[in-house]
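Asks: Please read through the structure below; I'll follow up with questions.
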Amino acid sequence: MILGHIGARKGSKGVPRKNFREICGKPLIDWSLDQLFAHPAVDAVVVSTDDEEIYEHAIARGALKIGLRPDHLATDGAGKWGVWQHALEVSQPLLDAPVEAFLDLDCTSPLRLAEDITNALVLFDEQDPDMVMSCCEARKNPYFNLVEPDASGALHVSKPLPGGVVARQQAPVVYEHAASTYVVSPDYLRRSKGLWEGRVIPFLMPPERCVDIDSEFDFRLVEFLLKEAQNG
């Protein structure tokens, strides 16, 4: 039993009501909902939201009827983990089998492909980690070209190595945590207090499919990329 999940909070400071804002002909959330409902490995879909309109829309599409999320999970400070735990807890009694994988798609990252979901699930099945997390190669590297000021205001490399790093190719590999696609062990989700307590492994995606909408500029960029993809 694979449970597909989308979290879609009503509030957003960067882009008001971005999760239900229309982009390329349909609400932003539908780009991810469509992928969950169409994927042959996904057995059930749940949407966690504090927005009545989004909730009714999701139910009409076929999502589980779990009600609105609790108020304490609808604030700016509420993290993914608590939302995921609640969604799993209230969804399991509605299902006819134990959930074996909790698949979360971030609805603000609509550029993923169906094959990304498939490959993340395959990686989870083959490696048996606590969680698979979408990542992409970082454009900036803390061992080379990420800097931070000291107490005097002078800049230094964020993570200096003995002898220094004079070329990007010499720096250790680092990844960006791309908010796109996650596969989580239900047992791990129930027992842990956050993402990083267990064995979390990267699922590498191309950076052009990992753009996350957090501002009006991001929205316009993703809209452009979606139109480009639609036009082939």
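Asks: Quick one: check the C-alpha center-to-center distance for the stretch 15-67 versus the stretch 104-130, whole angstrom.
Replies: The two parts, judged by their Cα centres, are 17 Å apart.
Asks: Using Cα pairs closer than 8 Å and at least 6 residues apart in sequence, work out the relative contact order for the chain, in percent.
Replies: With pairs under 8 Å counted, the relative contact order is 24 percent.
Asks: Let me ask something additional. Of Ser185, Ser32, Ser158, which is the most mobile in a GNM of the chain whose springs link Cα atoms less than 10 angstrom apart?
Replies: For the chain, modelled as a Gaussian network with Cα springs under 10 Å, the answer is Ser158.
Asks: Kirkwood Rh and Cα-based Rg: tell me the resulting Rg over Rh for the chain, rounded to two decimals.
Replies: Numbers: Rg = 19.0 Å, Rh = 19.0 Å.
Taking Rh as the inverse mean 1/r over Cα pairs, Rg/Rh reads 1.00.
Asks: Which of these, Arg61, Arg112, Arg69, has the largest mean-square fluctuation under a Gaussian network model of the chain (Cα springs below 10 Å)?
Replies: Of the options given, Arg61 has the highest mean-square fluctuation.
Asks: To continue, here is another question. Using the Cα centre of the chain as the reference point, and only Cβ charges (+1 on K/R, -1 on D/E), how large is the resulting charge dipole? Debye, rounded to the nearest 20.
Replies: Roughly 480 debye, rounded to the nearest 20.
Asks: Who wins for biggest fluctuation among Asp130, Asp187, Asp50 in a Gaussian network model of the chain, springs between alpha carbons below 10 Å?
Replies: Looking only at Asp130, Asp187, Asp50, the biggest GNM fluctuation is shown by Asp187.
Asks: Can you pick out the pairs among Lys10/Lys65; Lys18/Lys159; Lys65/Lys227; Lys18/Lys80; Lys10/Lys80; Lys13/Lys65 whose Cα atoms lie more than 26 Å from each other?
Replies: Numbers: Lys10/Lys65 18 Å; Lys18/Lys159 35 Å; Lys65/Lys227 33 Å; Lys18/Lys80 17 Å; Lys10/Lys80 14 Å; Lys13/Lys65 28 Å.
Table pairs above 26 Å Cα-Cα are Lys18/Lys159; Lys65/Lys227; Lys13/Lys65.
Asks: Follow-up question, since we're still on this one. Under the classification rounded if a/c is under 1.5, otherwise prolate if a/b is larger than b/c and oblate if not, where does the stretch 150-210 fall, given a ≥ b ≥ c as square roots of the Cα gyration tensor eigenvalues?
Replies: It comes out prolate by the Cα gyration axes.
Asks: Still on this model: What helices does the chain hold that run 15 Å or longer along their axis, going by alpha-carbon atoms, with a Kyte-Doolittle average of 0.5 or more, using DSSP H for the helix calls?
Replies: Length and hydropathy pass: 28-38.
Asks: Could you work out how much longer the chain between Asn119 and Leu94 gets when fully extended? Use 0.36 nm per residue separation minus the Cα distance between them, nm to one decimal.
Replies: 6.3 nm
Values quoted throughout were computed directly from the atomic coordinates according to the rules given, and no laboratory measurement underlies them. Worth saying up front: this structure is predicted, and the values here are computed from it rather than measured. Neighbour counts run over all protein chains shown; Cβ positions are idealised from the backbone, glycine included.
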